[in-house]
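Undergrad: The structure's right below; bear with me while I get my questions together.
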Amino acid sequence: MTIWWQRLRPEQIRELSLVVLIGVALLIFSSQIENFLTARTFNRIAASVAIVGMVAIGQTLVVLTRNIDLSVGSIVGFTAYFVGSQLAANNAMGAPAAVLLAIAVGGGMGLVNGVIVAYGRVPAIITTLGTLAIYRMLLINYANARTVTVDSLPAWVVELSRQTLFSIGDFAVRPLMVVTLAAVVIFQLVLIYTIFGRRLYAIGSNPEAARFAGLPAQRIVLTAFTLCGALAGLAGFLFLARFGTITAVAGQGIELESVAAVVVGGVNTFGGSGTVLGAFLGAFLIDLLGQGLLRWLGISEFWRDALLGLLILLAVASDAVILGWLRRLWQARTEVNHGN
Amino acid sequence: MATNLRRLLRWEGFLLAILALVVIVNVSRAPAYLTLANQINLFQLSIEKIIVALVMAFVIINGEIDLSVASVMGLAACLTAVLFESGMPMPLAILIALLAGVCCGAFNGFWVAYVGLPSLAVTLAGMIGFRGVARILIEDRSIGGFPEWFTTLGQQPLIGPFPLSLVLFATLFALALIILQFSGVGRLVYVVGNNAAVARYSGIDTARLKMGIFIASGLIAAMAGVLLAARLGAVRGNTAEGFELDIITIVLLGGVSIFGGVGNLVGVGLAILVILNLRNGMSLLNVTGNVQTGVIGVLLILSVLLPNLVQMARERIQRRMAERKEVHIETETSVSS
């Protein structure tokens with residue numbers, strides 16, 4: 001005797017509300033702003049969401065286990081620069097090799113984070129604040145004030161961000177976005193259907209219970225951090241493909257943007273609930289609101305950060321309110337059932 | 001309690017040993033290092049961060065975190081500059097900047113203490129949002145040309161060879177030490193940090209305490225921001241950006257647990273000395289700023305990792321000894337039967 005909406009899980013409600021919000025925002029913006037619903041707007045949002053969204057997938061895996069990875073910005077920057085300079089030095093290097101290199105370098109950095117957190121029992125926020133500085137230091141020393149320039153890269157890298165795989169009407173679908181969307185689908189399926197995915201939730205909901213149940217908690221946390229690093233490495237490659245010109249400050253601040261996407265996307269910062277799809281939608285909504293509000297209200301670029309801060313707070317607060325409301329609803333329902 | 005005390009002594013001993021090592025290396029490299037002038041200079045270069053570290057110790061011992069302090073510093077500095085530029089008298093501009101800091105702290109505190117949101121998320125929003133307000137105010141300009149008394153206060157000695165900010169730091173350190181280690185409020189900070197739920201059921205108004213600490217954090221950060229503006233003589237939208245890393249590092253290196261309830265201001269004071277001397281020493285060795293930050297990042301991780309490794313090794317040894325004892329007892333029983 002349950003109505004369909006009573007069977008929705010909280011995270012599905014969250015995803016649904018994000019989709020509705022995105023729809024409402026699109027409607028308002030397109031009616032208020034001239035030429036908003038054009039291919040150009042879509043492409044601009046898609047290009048930046050492709051990078052932040054990729055990082056947000058990995059961040060979700062880590063946050064689900066009740067940890068956090070603040071070093072991803074430095075990982076994105078390091079891999080972008082490292083792979084860029086390798087490609088510049090060796091123009092013959094193929095795409096698969098470059099992508100694998102990016103994933104391996106990022107994964108290695110994530111592995112270091114994971115070992116320190118899982119086996120050294122150092123809180124994730126301390127570890128990754130430290131490695132945020134350390135990886136950036138490695139990058140600055142490695143870069144030595146030089147810049148990877150577009151001209152030095154093989155042509156196919158820069159082409160990646162301009163090519164159109166296929167277009168729906170005016171909307172061009174670019175390879176960067178396709179890669180990120182594929183990763184979202186894969187990791188969403190991993191979270192729902194694999195043992196590893198379910199264990200991430202188990203550890204985040206109650207680490208002690210998970211340990212008593214015999215889950216290899218350390219190994220799972222290590223895997224989550226390694227995957228997060230690998231995805232950040234892949235994002236670094238996308239960063240390289242999108243911008244072409246890479247300096248030592250590349251990727252700075254992406255750690256905050258990814259955490260923001262995850263939080264807006266409804267992933268609980270205390271672990272145990274949330275989805276990759278939600279985080280991706282969160283990244284999309286943030287960028288859409290950023291682009292739209294700036295143009296709609298006619299305000300300058302300088303308002304962006306203030307709006308983003310407000311948005312994060314609203315997301316967290318509404319989460320708390322919605323959760324409290326649902327809890328009361330369920331309590332009432334179980335009481336009714338007991339009464340019967 | 002005894003084990004806590006022993007742990008504390010061991011931790012502070014560890015910091016003292018590092019400090020001694022750093023000082024010895026520095027002195028052997030540069031004889032001028034231990035002069036009063038250099039020591040004052042070394043404090044002056046990071047004075048705003050270490051002032052905020054004092055109040056950050058309260059926040060973290062209380063079981064929360066405040067990532068927004070650097071943005072509050074930047075906001076206060078920008079607000080002072082913009083108000084002054086628009087023709088307001090400097091003292092009034094400073095007062096309004098400090099009030100803005102109180103408002104930022106109260107904003108964070110409200111969501112954390114009364115709504116019950118995680119401080120990591122709230123102050124992350126604050127970190128981005130307050131910085132955003134600063135950017136709206138100042139856009140991409142740089143504002144300088146402050147009155148002479150203001151920059152003089154920020155840069156020149158005030159009492160003897162000591163500048164105002166150093167006098168303020170010393171006063172605040174003494175005040176914080178008394179409040180945290182020797183007063184009833186200080187005990188409450190530890191109790192709430194150890195177990196907020198138990199504290200609440202014991203009748204402690206945990207929400208008011210947390211609110212108070214966040215407001216203090218906002219106020220002190222704003223004050224530090226104004227001091228920074230006075231010392232630098234000019235303000236930009238990215239003033240004090242990234243300072244939260246150094247501030248939190250100092251507190252954690254001082255033996256304060258990120259989970260709350262553990263740590264004291266003596267440790268934080270020693271950590272301040274270690275980090276300042278280490279940075280100064282690396283500067284003497286011509287180590288660049290980003291490598292210095294990296295080294296401090298390594299130190300931050302090691303400061304938690306090393307004690308953990310020692311603890312794990314000890315647990316393993318104890319387990320092995322216990323196993324051996326079990327075997328021993330088993331053989332005894334088998335002999336007696």
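The values are calculated or read from the model by the stated rules, or taken from the named source; none is laboratory data. The shown structure was predicted, so the numbers you read here are calculated from the model rather than taken from an experiment. Here the Cβ is made from the backbone with ideal geometry for all residues, glycine too, and neighbour counts use every protein chain on show.
Undergrad: Among A:Ala143, A:Ala124, which is over 26 Å from A:Leu227 (Cβ atoms) and of a type in the set (A, V, I, L, M)?
TA: On inspection, the qualifying residue turns out to be A:Ala143.
Undergrad: Looking for whichever is assigned to a loop (DSSP other than H, G, I, E, B), more than 14 Å from chain A (Cβ to nearest Cβ) and under 30 Å from A:Pro123 (Cα atoms) here; the options are B:Ala176, B:Ala222, B:Ala240, B:Ala207. Which one fits?
TA: Checking each option against the conditions leaves just B:Ala240.
Undergrad: Could you run through the stretch B:193-246 and say how many residues are over 20 Å from B:Cys104 (Cα atoms), crowded, with 20+ Cβ neighbours inside 10 Å and of a type in the set (S, T, N, Q)?
TA: Of the residues in that region, 0 qualify.
Undergrad: Return a yes/no flag: does the stretch A:233-250 have any residue that is of a type outside the set (Val, Ile, Thr) and under 26 Å from A:Leu16 (Cα atoms).
TA: No, because not a single residue in the stretch A:233-250 is of a type outside the set (Val, Ile, Thr) and under 26 Å from A:Leu16 (Cα atoms).
Undergrad: Let me confirm something: among A:Gly290, A:Gly278, A:Gly309, which residue is more than 11 Å from chain B (Cβ to nearest Cβ), more than 30 Å from A:Thr147 (Cβ to Cβ) and not basic (Lys, Arg)?
TA: From the options A:Gly290, A:Gly278, A:Gly309, the qualifying one is A:Gly278.
Undergrad: Restricting the search to the stretch B:10-33, which residues are closer than 16 Å to B:Arg279 by Cβ, assigned to a helix (DSSP H, G or I) and modelled with pLDDT under 85?
TA: B:Arg29, B:Tyr33
Undergrad: Has the stretch A:93-106 got at least one residue that is in contact with a helix residue (DSSP H, G or I) (Cβ under 9 Å, 6 or more places away or on another chain), closer than 28 Å to B:Thr249 by Cβ, crowded, with 19+ Cβ neighbours inside 10 Å and away from chain B (no Cβ under 11 Å)?
TA: For the stretch A:93-106, residues in contact with a helix residue (DSSP H, G or I) (Cβ under 9 Å, 6 or more places away or on another chain), closer than 28 Å to B:Thr249 by Cβ, crowded, with 19+ Cβ neighbours inside 10 Å and away from chain B (no Cβ under 11 Å): present.
Undergrad: From (1) under 28 Å from A:Ala98 (Cα atoms); (2) surrounded by fewer than 20 Cβ atoms within 10 Å (Cβ to Cβ); (3) over 21 Å from the mean Cα position of the chain (by Cα), pick out the condition that doesn't hold for A:Leu181.
TA: (3)
Undergrad: Moving on. Could you tell me whether any residue of the stretch B:6-13 is surrounded by 20 or more Cβ atoms within 10 Å (Cβ to Cβ), under 18 Å from B:Gly242 (Cα atoms) and not β-branched (Val, Ile, Thr)?
TA: Among the residues of the stretch B:6-13, not one is surrounded by 20 or more Cβ atoms within 10 Å (Cβ to Cβ), under 18 Å from B:Gly242 (Cα atoms) and not β-branched (Val, Ile, Thr), which makes the answer no.
Undergrad: Hey, could you check the stretch A:107-153 for residues that are under 20 Å from A:Ala89 (Cα atoms) and away from every other protein chain (no Cβ under 14 Å) and say which is surrounded by the fewest Cβ atoms within 10 Å (Cβ to Cβ)?
TA: It comes out as A:Asp151.
Undergrad: Determine, yes or no, whether A:Val262 is in a helix (DSSP H, G or I) and either facing chain B (nearest Cβ under 10 Å) or under 21 Å from B:Val122 (Cα atoms) (or both).
TA: The answer is yes for A:Val262.
Undergrad: How about the stretch B:57-169: which helices (runs of 4 or more DSSP H) wholly inside it have at least 2 residues that are more than 14 Å from chain A (Cβ to nearest Cβ)?
TA: Per the criteria, B:69-85, B:90-109, B:148-155.
Undergrad: Can you tell which of A:Leu256, A:Leu222, A:Leu231 is surrounded by 24 or more Cβ atoms within 10 Å (Cβ to Cβ) and hydrophobic (A, V, I, L, M, F, W, C)?
TA: Unique residue meeting the criteria: A:Leu231.
Undergrad: State the number of residues belonging to the stretch B:279-305 that are away from chain A (no Cβ under 14 Å), part of a helix (DSSP H, G or I) and in contact (Cβ under 8 Å) with a residue 12 or more places away in the chain.
TA: Here the count works out to 3.
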